[in-house]
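The values are calculated or read from the model by the stated rules, or taken from the named source; none is laboratory data. Just so we're clear, the structure is a prediction, and the values are computed from it rather than from any experiment. Reconstructed Cβ throughout: ideal geometry from the backbone, glycine too, with neighbour counts over all protein chains shown.
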Ligand SMILES: [Zn+2]
Ligand SMILES: [Zn+2]
């Protein structure tokens, strides 16, 4: 199969100006391969990028967003060694410079050269072109082999589940722990499963939407708390021996839940904050942190090769992706798909487009 000259892509000329059109298929640079994309998940950060641009500097416009995708390698560029045409792959969005102190310690999501392309940093779908297209040229070190048992559709959750795995690892969920997960979105729902597979005994999920809390129970949550019905801090404490959970993972990304995370964890507990509320101030209790002797971890995306490990974890039969990926659209209907995701139409949780 020969590669065509042009491809379909969703191009952001600047925040607010987003359209599907034909563009040239990129040539892979040294170290890169060309992938025929098969499916891409829609993420909350895509909507942020579409409407306001990314929170960090370094984006080059026009930009093709999209960072939760799977596909097949069709061409290998110069100086590539690890992939062949025909390989099924899932992407990893953060491409650190590979040189700075953080990159060398595996903390490449916090690369000290973030956004500086001339120093080797690339954040696919955020600062450089990503996966809302039929092809993407990407460094092979940003790809993971997609196991045969995972479909292209299921594999779109690799990026999301890798965030969750990194979060539960940063907050060191141990066997027998009680864990509260705030927010039953795609990250929360995969975090439930990562926590369980690391041996958590009781997992409580808090949220506002009953349809999503139902999915949380389906994928393994032992208890759910609807925050419209009861105070989440009190309710979670009651469910966790009255002292609070050993670990709280915040995934909702709103100021209120970040504050709740610190309030509800037991003294000497651990808090992992994956969600990012963006603008504004988050009131966090220093009293709770200091007098509670708490460990509070920021979790920036999929650090320390969590994506590679999660592709293996996701092959376990108990890891559920079906209840989370609720909607699928053709790529040509991307705008409709994004609306369905944004407005949570028909209980939409994760929405994917297929190419
Ligand atoms: Zn995402
Ligand atoms: Zn770096």
Going through the stretch 96-135 in order, the residues found to be within 26 Å of residue 4 (Cβ to Cβ) and away from ligand 1 (no atom under 15 Å from the Cβ) are 122, 128, 129, 133, 134, 135
Within the stretch 260-272, track down each residue that is surrounded by 17 or more Cβ atoms within 10 Å (Cβ to Cβ) and either touching a residue at least 60 places away in the same chain (Cβ under 8 Å) or assigned to a loop (DSSP other than H, G, I, E, B) (or both). 260, 261, 264, 265, 266, 269, 270, 271, 272
Name the one entry in 3, 70 that is touching a residue at least 40 places away in the same chain (Cβ under 8 Å), in contact with a strand residue (DSSP E or B) (Cβ under 8 Å, 6 or more places away or on another chain) and part of a loop (DSSP other than H, G, I, E, B). 3
For the list (1) within 16 Å of ligand 1 (Cβ to nearest atom); (2) within 30 Å of residue 318 (Cβ to Cβ); (3) not in a strand (DSSP E or B), I need the number of the one condition that residue 90 fails. (3)
Can you go through 120, 66, 58, 86 and tell me which one is surrounded by fewer than 16 Cβ atoms within 10 Å (Cβ to Cβ) and at positive phi? 86
Can you spot a residue in the stretch 147-155 that is on the phi < 0 side of the Ramachandran plot, free of Cβ contacts under 8 Å to residues at least 40 places away in the same chain and not assigned by TED's automatic domain parsing to the domain that holds residue 82? no
Do you know which of the residues in the stretch 104-115 that are more than 9 Å from ligand 2 (Cβ to nearest atom) and crowded, with 16+ Cβ neighbours inside 10 Å is nearest to residue 274 (Cα to Cα)? 109
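Okay, residues lined up against (1) away from ligand 2 (no atom under 16 Å from the Cβ); (2) assigned to a loop (DSSP other than H, G, I, E, B); (3) more than 18 Å from the chain's Cα centre (by Cα); (4) at pLDDT 95 or above:
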position: 136; (1), (2), (3), (4): yes, no, yes, yes
position: 147; (1), (2), (3), (4): yes, yes, yes, yes
position: 150; (1), (2), (3), (4): yes, yes, no, yes
position: 166; (1), (2), (3), (4): yes, no, no, yes
position: 169; (1), (2), (3), (4): yes, no, no, yes
position: 179; (1), (2), (3), (4): yes, no, yes, yes
position: 204; (1), (2), (3), (4): yes, no, yes, yes
position: 221; (1), (2), (3), (4): yes, yes, yes, yes
If we keep just the residues of the stretch 241-259 that are touching a strand residue (DSSP E or B) at 6+ places or on another chain (Cβ under 8 Å) and farther than 17 Å from residue 294 by Cα, which is surrounded by the most Cβ atoms within 10 Å (Cβ to Cβ)? 251
Close pairs (6 angstrom Cβ cut-off, 6 or more residues apart or separate chains): on the phi > 0 side of the Ramachandran plot in the stretch 99-113, away from ligand 1 (no atom under 16 Å from the Cβ) anywhere: 106/304
